[in-house]
Amino acid sequence: MGAIALRQVEKRYGFGPKANQVIHGVSAEIADGEFIVIVGPSGCGKSTLLRMVAGLEVITGGEIAIGGRVVNRLEPAERDIAMVFQNYALYPHMSVFENMAYGLKIAKLPKAEIEARVQKAAKILELGALLQRKPRELSGGQRQRVAMGRAIVRQPQVFLFDEPLSNLDAKLRAATRLEIQKLHAELGVTSLFVTHDQVEAMTLAQRMIVMNAGRIEQIGTPEQVYGQPATTFVASFIGSPPMNLMPGEVDGLSVRLGEQRLPLPAAAPRQGALTLGVRPEHATLDADGPWALQVEMLEMLGAERLVYGRLGGAAFTLRIEATLAPPKPGDTVRLRVKPEHLHWFDSRTGQRA
């Protein structure tokens, strides 16, 4: 039904040697009913890729298939998709009911069916009491729910979300994330959700596509991407605060970071130039620990503290519980890391070693 296949998809602006290529041979298979989040920094090509799936951008190379049908040359209206935009895109002079029903009226569906579809979507999104209001009478979260309702009534094969939560404040974003999760659980429609917010990606995705500079860095579940990042880019982008990445030289059971040699609890995958990665929460304070951290600054975050310092000349962030007695700037504390929490990357390519 709503499976999506991306096969060596490319996008270039312009022609000849001066053409600007922004998508470089992206390939992915998205199963029917799956919720996929495309995440990456601004300018990485994620919205462009989504717009190509929607038919709003012309594909330069490769092909896109929806439900087994190649859609490269099909108009957006022929692709059986519904899109939710960042800016809601509601008609200000129409009521909530009219905004949700407009696409169905254009499609000339019977009035009874339009009424039934809108009422069903309004019930799912708890908009029943707002159907006669105009968009100016709604909060940002309510407007975004109306935009989602307009997509739901279409009953498409695929939902496309283009950063739909970025205009909402933090509390509304969290509430709307829950709404989207409930919506997918109830409808089970294939969904592509684009965001630059890694928290949104981790909480919403069944699988994530992490993009960088028009290429896919990694595809996997949030647990896989967080626990086994494929590259230093993924390791530094997914996680808040990000993974500590420390380029060094491995020699036997130790790694040299600047002027300091750190003993390793387990052998590295190979000798030579490697980048050592450690998540801030995976290093623990231990008076007998083998690593010495020079504390520079602390940050209080309620239930936890972040300790910033230097480890062998490399910047290092440590996350500790707020109930622990905190070190002071200028202190030297000892750390211990379990072998399973060490990550190794090729210092030249950034790929996982």
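The values are calculated or read from the model by the stated rules, or taken from the named source; none is laboratory data. Since we're looking at a predicted model, the values are computed, not measured. Please note: Cβ atoms are built from the backbone with ideal geometry, for glycine as well, and neighbour counts cover all protein chains shown. All accessible areas refer to the heavy atoms of the entire protein, side chains included, with ligands and DNA or RNA removed. Shrake-Rupley method; radii C 1.70, N 1.55, O 1.52, S 1.80 Å.
May I ask you to say which residue of 302, 312, 248, 252 is at positive phi and surrounded by 12 or more Cβ atoms within 10 Å (Cβ to Cβ)?
Working: 302 fails: surrounded by 12 or more Cβ atoms within 10 Å (Cβ to Cβ); 248 fails: at positive phi; 252 fails: surrounded by 12 or more Cβ atoms within 10 Å (Cβ to Cβ).
Sole residue among the options that is at positive phi and surrounded by 12 or more Cβ atoms within 10 Å (Cβ to Cβ): 312.
Going by the structure shown, is residue 185 under 18 Å from residue 103 (Cα atoms), more than 18 Å from the chain's Cα centre (by Cα) and either assigned to a strand (DSSP E or B) or small (Gly, Ala, Ser) (or both)? Taking the combined requirement at face value, the residue does not satisfy it. Within segment 205-242, the set of residues being within 18 Å of residue 340 (Cβ to Cβ) and aromatic (Phe, Trp, Tyr) comprises 226 only. Taking segment 322-351 as the range and being touching an Asp or Glu at 6+ places or on another chain (Cβ under 8 Å), open to solvent by 60 Å² or more (accessible area, probe 1.4 Å) and assigned to a strand (DSSP E or B) as the test, the residues that pass are 334, 336. If you check 260, 224 for being over 12 Å from the mean Cα position of the chain (by Cα), without any contact (Cβ under 8 Å) to a residue 24 or more places away in the chain, more than 16 Å from residue 46 (Cβ to Cβ) and open to solvent by 20 Å² or more (accessible area, probe 1.4 Å), only one passes: 224. Only a single criterion out of (1) under 30 Å from residue 22 (Cα atoms); (2) touching a helix residue (DSSP H, G or I) at 6+ places or on another chain (Cβ under 9 Å); (3) surrounded by 13 or more Cβ atoms within 10 Å (Cβ to Cβ) is not satisfied by residue 240, namely (3). Here residue 341 clears all of (1) at pLDDT below 95; (2) on the phi < 0 side of the Ramachandran plot; (3) out of contact with any Pro (no Cβ under 7 Å at 6 or more places or on another chain) except the condition numbered (1). Of the residues screened, residue 229 is one that is assigned to a loop (DSSP other than H, G, I, E, B) and at pLDDT 95 or above.
Would you mention how many residues in segment 1-19 are over 25 Å from the mean Cα position of the chain (by Cα) and not basic (Lys, Arg)?
Pass one, segment 1-19, residues over 25 Å from the mean Cα position of the chain (by Cα): 13-19.
If we keep only those that are not basic (Lys, Arg) as well, we get 13-17, 19.
Adding up the residues that qualify gives 6.
Going by what's in this entry, would residue 318 be described as without any contact (Cβ under 8 Å) to a residue 40 or more places away in the chain, touching a helix residue (DSSP H, G or I) at 6+ places or on another chain (Cβ under 8 Å) and part of a strand (DSSP E or B)? The answer is yes for residue 318. When you check residue 117 against the structure, is it open to solvent by less than 70 Å² (accessible area, probe 1.4 Å), assigned to a helix (DSSP H, G or I) and among the charged types (D, E, K, R), yes or no? Yes.
Take the conditions (1) modelled with pLDDT under 95; (2) under 30 Å from the mean Cα position of the chain (by Cα); residue 267 misses just one of them, which is (2).
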